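First comes the structure, then the notes that go with it.
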There are 2 protein chains.
Amino acid sequence: METRELRYFVTVAEELHFGRAAQRLGITQPPLSRAIHQLERRLGAALLDRTSRTVTLTEAGTVLLAEGRAVLEAVEAAERRTRRAALPPTGRPGLVLVTKASASRELLAKLLDAYAAEPAAVPIDVTLCGPAEQERLLREGRADVALLHRPFDSTAGFHTEELSTEGQVVVLPAGHPLTVRPHVHMADVSGLPGLPLPRWPEPDGTYPPGPGPQVRDHAQLLQLVALGRACAVSPESCRTQLPDDLAAVPVLDAPKVTTVIAWPPHSRSRAVADLVRTATSLR
Amino acid sequence: METRELRYFVTVAEELHFGRAAQRLGITQPPLSRAIHQLERRLGAALLDRTSRTVTLTEAGTVLLAEGRAVLEAVEAAERRTRRAALPPTGRPGLVLVTKASASRELLAKLLDAYAAEPAAVPIDVTLCGPAEQERLLREGRADVALLHRPFDSTAGFHTEELSTEGQVVVLPAGHPLTVRPHVHMADVSGLPGLPLPRWPEPDGTYPPGPGPQVRDHAQLLQLVALGRACAVSPESCRTQLPDDLAAVPVLDAPKVTTVIAWPPHSRSRAVADLVRTATSLR
DNA sequence: CCGGATCAATACCTGGAAGGTATCGTTGCC
DNA sequence: GGCAACGATACCTTCCAGGTATTGATCCGG
């Protein structure tokens, strides 16, 4: 299977219309029909059910659509990573690390310091972004390593090493009645009047329905908490970054949060390997 | 990048010799040279350093070798999964599940029973194989789901859900002095005279150096323990399958073993999704 | 029920690229 | 210094990707 055939098939499968697919691909319809036929013949499998009016995916076509998208993504990532590896060493970031703005600064600082002391250390670019972004950057080959937080972030498809585990706290406006308690439970915070838990975007960018404000990043969230419009359940390491007008109380039965260092499989370069080793030896 | 170009490059990178690579590819050397040049031109990156005597990989070439292999594997898996999805439903296994022969029969039986009760259940083929095999089958698209054991098996690159966690026991010949103890520690069993811990093969099929017999599967291992040539540290669920001539003693400080259900990303079919849901609801 | 519109398939042609053969230029080595 | 090994280059041929024109089937409005 050539990537060209896969691109053709994925496009047709997405459009379910040969004419539009051909237009998107910048070719005409007849060669596209032929290419799909040839692909079906070679696979020995019907991928599309076509009448002269409608096109639908067969079971096999559904499988190939998912697989094909993954392959095409992998090809693009391969190109990008290869190109980046070829840039002249001067000016090229040795490694790109992505993490959330809300991640523990302490852990990150310790990691960067320890790695910088390595004999073969290369410069590290740190990119801060939201959770959905991280995964995408890593998958697309624009970043080399990420610090992710289980169970919130999906680590599917990556190699990971656990770095640390911590409990969670609920972040409240200073002076809130709950802040005098030494600790609380999820039941205490899930239905606070006037202080709903916020909604985070799904991987596809949409928000789940429900009450609670929509937030994109941690700064927005803290702002909302300070304004008394929401409360937040966050890893306890965020306490060191809280302004005076916010308070945090441990939530005993909140799921533990594990910070992991993640990197794409198959691309464990010397630098990534060194960084991962440094990270795990910090533990 | 076309998969043909990737196949060419990966072959040359493996052989580090255009002539041999061309032979392996079933073409002649000149088109191969040209194809690699064209790939380099399009990527804007030198992949190989060639003198008229030697060929070596550049940094970018090393990256593309790793990435390219992954892409080619993904393409092959995509073909296989598509072909399997196209087989006539009769006779085709709905799902192929791989697990180790040593895995808990209880858990597996419960899972299969519970899934069979689902309204949309499809027949399940169970394949038993060694740990290294499992990963390969799943990655190559010959299997749909696997029961893996962390931290022994690598779950990198797969989606997983945790099913159960258990401690480990040391398996000894019946009558061994340690068998009278209610529990032991790793230190007690790591240096038992005449009963070394066995060596398992690495993913590449080689064995790490050291004392202890080489084993490929659990049956071999139990045989060796029964013969008094080794002892084994195994998940405690194996106790239900022990013959009379073997005894097991809990090892308090052995790492906990987590059984996870794993499946390849991007191919979460209806049947796999159902099975995973069934598995997690058993918990 | 008919004619037009829509859309995939087919027929046929052309240019370019993939692959082959022959040869050259460089380099290591006896 | 001459030979052998090996990648690059030159040149040719074949085949296939892609284009244009057309057919054939289906839906729809009148």
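The values are calculated or read from the model by the stated rules, or taken from the named source; none is laboratory data. No experiment lies behind these values; they were computed from the predicted model shown. Cβ sites come from the backbone with ideal geometry, for glycine too, and all protein chains shown count toward neighbours. Accessible surface areas use protein heavy atoms only, side chains included; no ligands, DNA or RNA. Shrake-Rupley method; radii C 1.70, N 1.55, O 1.52, S 1.80 Å.
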*What are the residues in the range A:101-142 that are of a type in the set (Lys, Arg) and assigned to a loop (DSSP other than H, G, I, E, B), if any?*
A:Arg142
*asked:* Among the residues that make up the range A:55-65, is at least one of them within 13 Å of another protein chain (Cβ to nearest Cβ), buried (at least 19 other Cβ atoms within 10 Å of the Cβ), within 32 Å of the chain's Cα centre (by Cα) and not aliphatic (A, V, I, L, M)?
replied: yes
*asked:* What are the pairs with Cβ atoms under 8 angstrom where one residue, in the range A:6-18, is away from every other protein chain (no Cβ under 14 Å) and the other, located anywhere, is more than 12 Å from DNA strand C (Cβ to nearest atom)? Sequence gap at least six, or different chains.
replied: A:Thr11/A:Arg24; A:Thr11/A:Leu25; A:Glu14/A:Leu65; A:Glu15/A:Arg24; A:Leu16/A:Leu57
_Hey, B:Glu5 on the phi < 0 side of the Ramachandran plot and within 12 Å of DNA strand C (Cβ to nearest atom) or not_ = yes
*If you check every pair at least six apart or on different chains, which have Cβ atoms under 9 Å apart with a residue in the range B:221-245 that is free of Cβ contacts under 8 Å to residues at least 12 places away in the same chain first and a residue that is open to solvent by 40 Å² or more (accessible area, probe 1.4 Å) second?*
B:Gln223/B:Arg229
*Here are some residues: A:Thr127, A:Thr99. Which one is open to solvent by less than 20 Å² (accessible area, probe 1.4 Å), away from chain B (no Cβ under 14 Å), in contact with a strand residue (DSSP E or B) (Cβ under 7 Å, 6 or more places away or on another chain) and free of Cβ contacts under 8 Å to residues at least 60 places away in the same chain?*
A:Thr99
*asked:* Just the residues that are among the polar types (S, T, N, Q) and more than 27 Å from A:Arg270 (Cβ to Cβ), please, taken from the range B:15-60.
replied: B:Gln23, B:Thr28, B:Gln29, B:Ser33, B:Gln38, B:Ser52
_Pairs where the first residue, in the range A:31-42, is at pLDDT below 90 and the second is of a type in the set (Asp, Glu) and surrounded by fewer than 20 Cβ atoms within 10 Å (Cβ to Cβ), C-beta under 9 Å, 6+ apart_ = A:Arg42/A:Glu5; A:Arg42/B:Glu79
*Residues in the range A:41-50: is at least one within 11 Å of DNA strand D (Cβ to nearest atom), surrounded by fewer than 21 Cβ atoms within 10 Å (Cβ to Cβ) and small (Gly, Ala, Ser)?*
no
_For the range A:1-24, give me the residue count where each residue is open to solvent by 50 Å² or more (accessible area, probe 1.4 Å) and either within 9 Å of DNA strand D (Cβ to nearest atom) or out of contact with any Ser or Thr (no Cβ under 8 Å at 6 or more places or on another chain) (or both)._
6
*Do the conditions hold for A:Ala86, that is, is it farther than 30 Å from A:Leu242 by Cβ and open to solvent by less than 30 Å² (accessible area, probe 1.4 Å)?*
no
